[in-house]
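Please read the structure below before turning to the comments.
The values are calculated or read from the model by the stated rules, or taken from the named source; none is laboratory data. As the structure is a computational prediction, the values presented were derived from the model and not from experiment. Cβ placement follows ideal geometry from the backbone for every residue including glycine, while neighbour counts extend to all protein chains displayed.
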Amino acid sequence: MLAFSYLDRVLVMRLLGGAGKPLLLGSLAALLLAYLVRFIAVAYGPLENSLARIGQLARSRSQPWSQWALLFCKVYLPLLLPGV
């Protein structure tokens, strides 16, 4: 909320000359961004654990693009689905 308060003060002063109400503070965009920041940690944990299960060998192999797609479908996707 402090970031939106600062941005509102700067925007209102520069664009509207100091006259007007806050544009961002209390808006739907601010609410959605706050929820995104709040719940991204909940989604990050399971995905990080799923990626940790994939071995270094699968991550470090250099292969052509078509084989990378096959590697993704055969190795990454089945291991990431429970986390997603």
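Here are the numbers for the structure shown:
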quantity	calculated
Residues of the stretch 1-40 classified as modelled with pLDDT under 75 and charged (D, E, K, R), total	1
Hits in the stretch 41-84 - residues which are among the basic types (Lys, Arg) and modelled with pLDDT of 75 or more	74
Answer residue from the stretch 1-33, given it is touching a residue at least 24 places away in the same chain (Cβ under 8 Å) and part of a helix (DSSP H, G or I) and is nearest to residue 78 (Cα to Cα) among those	30
